Each structure stands twice: as structure tokens, then as C-alpha cells.
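Only one structure is covered here, and it is reproduced in the block below.
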Amino acid sequence: MHWTSLNRVGYVLSYFLPIFAATGFLLGLIPFGKLGKALGDLSRSITPSTSAGPTQEPEAVPPILWAWLPVTVAFLIRFATWKSQASSIFDTHRSVGRMERFFGPLYGQTSGLLDSKWITDRFLFTGPMLFLIACAFAALLRYQLTNSRKPQPEAHTHDDESV
């Protein structure tokens, strides 16, 4: 039962980036911090301990929202320094096929774009960058949606109070 004419390796190489980005987005929607806290509360209720654990301070910015930054910097350095084998010595500032090499599907690659570093560019730079950006975007979206549902404390003014 095959729903694609590509072999397994061709399929993975062609659709790795969209699948990886979608997986990052879906994982970013899962509130792992709240799940961990709930499991900790559950384990403390089952086996009560006499000593209370250290209380953790809520962080201003969750680390997942910054995790994409170092990977993206590494990707941008590799993206900017890559030079096609088909580039001309007269046109050193522009490499033909840069976007196709890093983001295009396997069938869009030409022989000049496929070299020994194509796999590492795809699996070590582009894939993790897309995964972490999608994960951070989904986490930010989740934080925005859950924070907007929390009731905001009402501020008292002197007009509301009766004398």
C-alpha cells in the first residue's frame, strides 16, 4: 500500500523539513511545564513528604522562546557563507540555488547543489532551525491564548468607593 511513488529515502529527504516544522509546532502547543507540575503534585499527594521542595520562581521569559536563536544564528552564518559550485568568479556575491539548496525539495535540487555537505546543511542547520522556530511560535501562541483567558485583577479607583 503505497501512497507515494518515492522510495523511503527520497520521501524523507523531500518532506523532512515540512514534517519537522509541523512536529515542532505541535510540540510547542503542549504545556510541558504545567504537565510536569501536575505530575509532581500527583506524586506528592500519593506519597506525602515531610519536607517541602524548593519553590521555583516564575521566569519572565520561558527558555523555549529563546531556544531558536543560537540555531538560527548558526544557520544564517552557513546560509550566508555557502557558495554554489556553479557560481561564477565574476558574480561572487550571488550563489545560484541558495534557497533551493536549503529549503527546496529533493526533486528541485540540481547536480550543482547536491554535494557532500547537502545532507549536513539540511539535517544539522535548516531542519533544527525550522523545528525550533515553529516550536517557539506555537509556545508563544499558546502563552498568548492562555494569558488572555486569565482574569485580570480589577484596579480600584476612588470613584468606585462610596464615602
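The values are calculated or read from the model by the stated rules, or taken from the named source; none is laboratory data. All values reported here derive from a predicted model rather than from experimental measurement. Side chains are part of the model used for accessible areas, which takes the heavy atoms of the whole protein and leaves out ligands, DNA and RNA. Shrake-Rupley method; radii C 1.70, N 1.55, O 1.52, S 1.80 Å.
The figures follow:
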{"read-out": "Residues within region 6-48 that are among the β-branched types (Val, Ile, Thr), part of a helix (DSSP H, G or I) and at pLDDT 75 or above, tallied", "value": "3"}
{"read-out": "Some residue of region 116-127 being open to solvent by 30 Å² or more (accessible area, probe 1.4 Å), over 30 Å from Pro31 (Cα atoms) and not polar (S, T, N, Q)", "value": "yes"}
{"read-out": "Some residue of region 73-84 being more than 19 Å from Pro62 (Cα to Cα), at pLDDT below 85 and open to solvent by less than 70 Å² (accessible area, probe 1.4 Å)", "value": "yes"}
{"read-out": "Any hit, region 49-66, residues being at pLDDT 85 or above and more than 25 Å from Gln144 (Cα to Cα)", "value": "no"}
